[in-house]
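Peer 1: I am attaching a structure below and will ask some questions about it afterwards.
The values are calculated or read from the model by the stated rules, or taken from the named source; none is laboratory data. Quick caveat: nothing in here was measured; it's all calculated off a predicted structure. Every residue, glycine as well, gets a Cβ built from its backbone with ideal geometry; the counts of neighbours run over all protein chains shown.
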């Protein structure tokens, strides 16, 4: 490439970079259609939560981290670095909110934080919370609205348009929940139909399935009893959502305080035994699920050790 061509290419790249920067800074001037309005309203809500963070936030990094999280990527900050940035940011937000930070003289601002790292940290957290809406939002619009509100500038939507967009979002959320609930119900039925033929698997009249990993010789609890147990709960794909083992301490509760599958399953177990349960959605958290991990109609897997009936 001759010197003239290289110079022309450099000018072209400079112009493109300037245009991209202007687009990022200005965003769209008007919103067209339900998807754009929903995206903007979601961003407005996020912006309110970012008001005290905005002075330390690089919004380009924030947008990049949201997109990365929505696509299933690993956090762009390591765990240790994220903890350091989060702690420093918490102190700066506390001072802006008028709260006193231990060890810091009143009115003194803590050391500065890297805005890019703040963007990567808060963007990942935001992206994870937006995953249920991944198919119905435009990330650049979400970020544009968040920045507008966080910086206390006038939004593009009137109060009436905001209300209409919220209604549209609620309709979408209901439809999405119904689709997920039905998909989880079918997945659970198919799994349990296969699982019931497994060696050592028993099925009760309610549809609860269990296997005995270790037999116990103590008494069985009754539905109104309290029990002390160790347990681990997972989804069908192996995702762990709860574990007394991880906490290093057994759990104690009444059998009338837990999901129906637990109430029934624990009454089958002699003290000292260790069972595995497969609990259909209707005997677990039903159509509501237990967000953010347990979806509607999700079939759950538990390993339970019955330690005592206190």
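Peer 1: How many residues are under 29 Å from residue 93 (Cα atoms) and free of Cβ contacts under 8 Å to residues at least 60 places away in the same chain when one looks only at segment 133-157?
Peer 2: Here the count works out to 2.
Peer 1: Now, a different point. With the checklist (1) more than 16 Å from residue 132 (Cβ to Cβ); (2) buried (at least 20 other Cβ atoms within 10 Å of the Cβ); (3) touching a residue at least 60 places away in the same chain (Cβ under 8 Å) in hand, flag the one item residue 51 doesn't pass.
Peer 2: (2)
Peer 1: Let me ask you something else. Are there any pairs, at least 6 apart or on different chains, whose C-beta atoms fall under 6 Å, with the first in segment 229-241 and assigned by TED's automatic domain parsing to the domain that holds residue 277 and the second in a loop (DSSP other than H, G, I, E, B), and if so, which?
Peer 2: Within 6 Å, the pairs are 230/250; 236/299; 241/293.
Peer 1: Inside segment 1-109, counting only helices (runs of 4 or more DSSP H) that do not spill past its ends, which hold 1 or more residues that are modelled with pLDDT of 85 or more and either closer than 26 Å to residue 142 by Cα or in contact with a helix residue (DSSP H, G or I) (Cβ under 6 Å, 6 or more places away or on another chain) (or both)?
Peer 2: Fully inside segment 1-109 and qualifying: 33-49, 59-70, 79-96.
Peer 1: Kindly check whether there is at least one residue in segment 129-152 that is more than 23 Å from residue 35 (Cβ to Cβ), within 18 Å of the chain's Cα centre (by Cα), in the same structural domain as residue 84 (by TED's automatic domain parsing) and crowded, with 19+ Cβ neighbours inside 10 Å.
Peer 2: no
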